[in-house]
Amino acid sequence: MSTLQVSLYRYNPETDSAPYMQEFQIDTQGRDLMVLNVLELIKEQDSTMVYRRSCREGVCGSDGMNMNGKNGLACVTPLSDVVRNNKLVLRPLPGLPVIRDLVVDMGIFYRQYERIQPYLQNDDPTPAIERLQSPEDRDKLDGLYECILCACCSSSCPSFWWNPDKFVGPAGLLQSYRFLADSRDTATRDRLADLEDPFSVFRCRGIMNCVSVCPKGLNPTRAIGKIREMLLTNAT
Amino acid sequence: MVTNITNPGRSGLADWLIQRVSAVILALYTLFIVGYLLFNPGLDYIAWSGLFSQAWMRIFSLLAFVSLAAHAWVGLWIVTTDYLNKWVGIRLAVQTFIILAVFVFLVWGIQVLWGA
Ligand code: SF4
Ligand code: SF4
Ligand code: FES
C-alpha cells in the first residue's frame, strides 16, 4: 500500500488544445510525505511538469493548489490529511487562469489586493522617531497581518469566482480590515467609502469556504463582518 | 468603488440593510398568519375578510408586501449579477422583467387589500 495513485492536472497552452489529467504511481515507501514531496517525486518521472514553490515551509505562499478538492499549501499538507483510498488528485487553484500545469496567473487576485491600498496612510505630521501604538491597539492586528497572500481563500470563494473584478475577495478584505483596524491609519473614511458598493464587500455570502482552507488559520469572514459593522456605524 | 445602477438601494450597505429588515418583517408576518390560522380552526369568509378590513391589518399586510417586493428585488438582483455575469443584454432584460413584475405584484396586492 505504499504506492500512491496521483492524478495530476496538465495543461501547456503552447502544445495542448485542452487540459487533461495525467496518472502517476508514486512510491511513498510508507512515509507520510507532504504533498510537495510527492510533486518532487513526480518531477523526477516527468520533468516537463511545472509548479511553483519556494520556502517549502508555509511561509512564502507560492504553492497554493487544490488537493483532492480542497485548497491548501502543498508544502505543509501531509498526505494523511488529504489522501482518501490511496488516491490524490492535484489541480491548480480554481477560478484563476492557468498559465501551465499547476501554475496560475494571480493578476486578478493582486489587483484586488492593490485596490484596498495595503499600506499605512497617515496625514498627521511625522513624529521625530516613530508613530506609537498602545499594546492593546497592536493586539487588534493579530489574526490579520499574518496573511501570506497564498490565494487559497479567494480562489475557493464562489463569490470571487463569479465577480473577481468587482468583489475584493477574502484575502483582500482581510488586509483591508488590517488597515481599517490600525490605530495609526487615518484614511478610515476614504477606505470605507470605497467599499460600500454592492460588490466589494457585500458580495460575501458568508459560507466560510475561506476560513476552512486558510493554511494560516485566519478568519476572513470575521474580518468581513467587522468591515460591515464599521460601514453600518459610519452610515447610520 | 464599483458602480451600479440597477440595484434597489444604490449602495451595497443599503441593500444589505433592506434585506435584513425586510426578512424580519416577513418572518413576523408569517408567524402571525400561521398563528392566526392555528388559533381559528373553523375559519370562514366573514372572519377572514373581517381581519383584513381592519386598518392595522392592512398596514401590516402592506408592510409585508413592500418587504417582499424589496427582498425579492435585492435577492434576485444579486442572483442575476452572479449567474448572468457574462451576458449583459440578457441580464438587463431579466432585471427589467423582475422590477416590472415586482411592481405589478405590489400594485395588485394593494388593490386586493383595499379593493374588497
Ligand atoms: S487569508 Fe489565509 S488563505 Fe487567504 S491569502 Fe491569506 S494566508 Fe492565504
Ligand atoms: S465567507 Fe465570504 S469571502 Fe469567505 S468564501 Fe464565503 S463568500 Fe467568500
Ligand atoms: S513553498 Fe512556500 S508556502 Fe509552500
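Observations on the structure shown:
- Within region B:75-97, residues that are without any contact (Cβ under 8 Å) to a residue 12 or more places away in the chain sit with their Cβ atoms under 6 Å from residues that are of a type in the set (Val, Ile, Thr) and part of a helix (DSSP H, G or I), at 6+ positions apart or across chains, in these pairs: B:Leu84/B:Ile90; B:Arg91/B:Thr80.
- Residues in region A:178-214 that are open to solvent by 50 Å² or more (accessible area, probe 1.4 Å), more than 14 Å from chain B (Cβ to nearest Cβ), in a loop (DSSP other than H, G, I, E, B) and in contact with a helix residue (DSSP H, G or I) (Cβ under 6 Å, 6 or more places away or on another chain): 2 in all.
- B:Gly115, sole failed condition from (1) under 16 Å from the mean Cα position of the chain (by Cα); (2) under 14 Å from B:Ser61 (Cβ atoms): (1)
- Subset of region A:102-159 [part of a loop (DSSP other than H, G, I, E, B), within 14 Å of chain B (Cβ to nearest Cβ) and within 16 Å of ligand 2 (Cβ to nearest atom)]: A:Ile116, A:Cys157
- One residue stands out in region A:215-225 among those that are outside any loop (DSSP other than H, G, I, E, B) and touching a Leu at 6+ places or on another chain (Cβ under 8 Å): the one that is nearest to ligand 1 (Cβ to nearest atom), namely A:Pro220.
- Of all the numbered requirements in (1) under 12 Å from the mean Cα position of the chain (by Cα); (2) open to solvent by 60 Å² or more (accessible area, probe 1.4 Å); (3) under 30 Å from A:Glu23 (Cβ atoms); (4) not small (Gly, Ala, Ser), A:Tyr110 misses one, and that requirement is (3).
- Here region A:53-65 is the region considered, the condition is being buried (at least 18 other Cβ atoms within 10 Å of the Cβ) and part of a loop (DSSP other than H, G, I, E, B), and the residue that is nearest to ligand 1 (Cβ to nearest atom) is A:Gly61.
A quick yes/no check of all residues on (1) outside any helix (DSSP H, G or I); (2) open to solvent by 60 Å² or more (accessible area, probe 1.4 Å):
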{"residue": "B:Gln19", "(1), (2)": "no, no"}
{"residue": "B:Ala23", "(1), (2)": "no, no"}
{"residue": "B:Leu31", "(1), (2)": "no, yes"}
{"residue": "B:Gly35", "(1), (2)": "no, no"}
{"residue": "B:Pro41", "(1), (2)": "yes, yes"}
{"residue": "B:Gly50", "(1), (2)": "no, no"}
{"residue": "B:Met57", "(1), (2)": "no, no"}
{"residue": "B:Leu62", "(1), (2)": "no, no"}
{"residue": "B:Leu68", "(1), (2)": "no, yes"}
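- Verdict on A:Gly225 being of a type in the set (Gly, Ala, Ser), touching a residue at least 40 places away in the same chain (Cβ under 8 Å) and within 13 Å of ligand 2 (Cβ to nearest atom): no
The values are calculated or read from the model by the stated rules, or taken from the named source; none is laboratory data. Bear in mind the structure is a predicted one, so any value in this text is a computation, not a measurement. Every residue, glycine as well, gets a Cβ built from its backbone with ideal geometry; the counts of neighbours run over all protein chains shown. The area values use the complete protein model at the heavy-atom level, side chains included, leaving out ligands, DNA and RNA. Shrake-Rupley method; radii C 1.70, N 1.55, O 1.52, S 1.80 Å.
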